[in-house]
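A.B. asks: One structure, pasted below without further comment.
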Amino acid sequence: MKGIVFIIVTFNSENEIGACLKSITGEGVPGTRIVVVDNASQDGTIKAIHQSGIEALLIKNESNRGFAAACNQGAEASSEENIMLLNPDARLISSAAEELRSAIEADERIGIAGPRLMDSRGETLPSAYRLPTVFQELAHLFRLKRALTSYPMKMLFGKLLAKRFAQYSPHDRREVVQSVLGACMMVKREVWEALGGLDEDFFLFYEEKDFCKRAAEAGYSTLFVPEAEACHDIGGSVRSDPAAAQRAKRTSMLLYYRKHKSLAARLVVQAALLLTAAFSARPRSD
């Protein structure tokens, strides 16, 4: 049985890291190791890690190097055959790690696997995605995403949308998808090393989309595994500075389009970024 290293990147994560660590040890999966890379937290994250009493290799950065760079640090500090990225605001349930390991090792063509994510109420969250499209970006930037993913829209157009957008699927069967979330994602080390890890030009966001795309281009598939489950407190990892997180997301969006998309697509997204940035900067009238 091949080993698993859990890589957790923390940044002001004192309220989440304890439960995250306990969820790993609670699964009782043999052959596991935990590496926590802290990106210069200013709160009690380090203290919370020590107080958990859970054995982990702790790497403390003097500055915030970003998610991708920190994940690469964790991978370089370990040697296990399977690399499991796990956000501090996520918790494993239902033998998630074992399910993902079994799935990823069953087929040499599978390089990446992700679980079904749920919120604290047990409701399924979008856990598998199509790689970024201009339509998706415009929906996000112009704040249409909530309306498009609302219950009425799913009832009326859910089946149609599910054929084109993985996040609209019922998430009830194992299938090859274009992308899963870096919040909880297992990667074969051979694939990780073949691709050179995550692209550190992405400070935060889009790094897993870029990785899944590069993996597909190298001949490896990404598998969604609904039998594996994890609870994800969306936004918990960026709650300490949401404005900075939004800036990082917009920067990474543009970087992704520069790297992978046509000039026309890049120009549309860039225009939308400039327009929405200008609109949000306008002073509000009382």
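A.B. asks: Assuming Ala243 fulfils every condition listed in (1) touching a Leu at 6+ places or on another chain (Cβ under 8 Å); (2) among the hydrophobic types (A, V, I, L, M, F, W, C); (3) surrounded by fewer than 22 Cβ atoms within 10 Å (Cβ to Cβ) apart from one, which condition is it?
C.D. replies: Evaluating Ala243 over (1) touching a Leu at 6+ places or on another chain (Cβ under 8 Å); (2) among the hydrophobic types (A, V, I, L, M, F, W, C); (3) surrounded by fewer than 22 Cβ atoms within 10 Å (Cβ to Cβ) leaves (1) as the failure.
A.B. asks: Kindly provide the set of residues from segment 61-105 that are surrounded by fewer than 20 Cβ atoms within 10 Å (Cβ to Cβ) and hydrophobic (A, V, I, L, M, F, W, C), ordered by number.
C.D. replies: Hits for segment 61-105 are Ala77, Ile93.
A.B. asks: May I ask you to list the residues in segment 172-203 that are part of a loop (DSSP other than H, G, I, E, B), out of contact with any Leu (no Cβ under 6 Å at 6 or more places or on another chain) and closer than 29 Å to Glu123 by Cα?
C.D. replies: Hits for segment 172-203 are Asp172, Arg173, Arg174, Leu181, Ala183.
A.B. asks: Give the residues of segment 1-44 that are surrounded by 24 or more Cβ atoms within 10 Å (Cβ to Cβ), assigned to a helix (DSSP H, G or I) and either in contact with a helix residue (DSSP H, G or I) (Cβ under 7 Å, 6 or more places away or on another chain) or without any contact (Cβ under 8 Å) to a residue 12 or more places away in the chain (or both), sorted by residue number.
C.D. replies: Hits for segment 1-44 are Ile17, Leu21.
A.B. asks: So Glu175 clears everything in (1) surrounded by fewer than 17 Cβ atoms within 10 Å (Cβ to Cβ); (2) modelled with pLDDT under 90 except one condition, right? Which one?
C.D. replies: (2)
The values are calculated or read from the model by the stated rules, or taken from the named source; none is laboratory data. The structure displayed is predicted, hence computed values, not measured ones. Quick reminder, even Gly has a Cβ in these numbers, built from the backbone with ideal geometry, and neighbours come from all protein chains shown.
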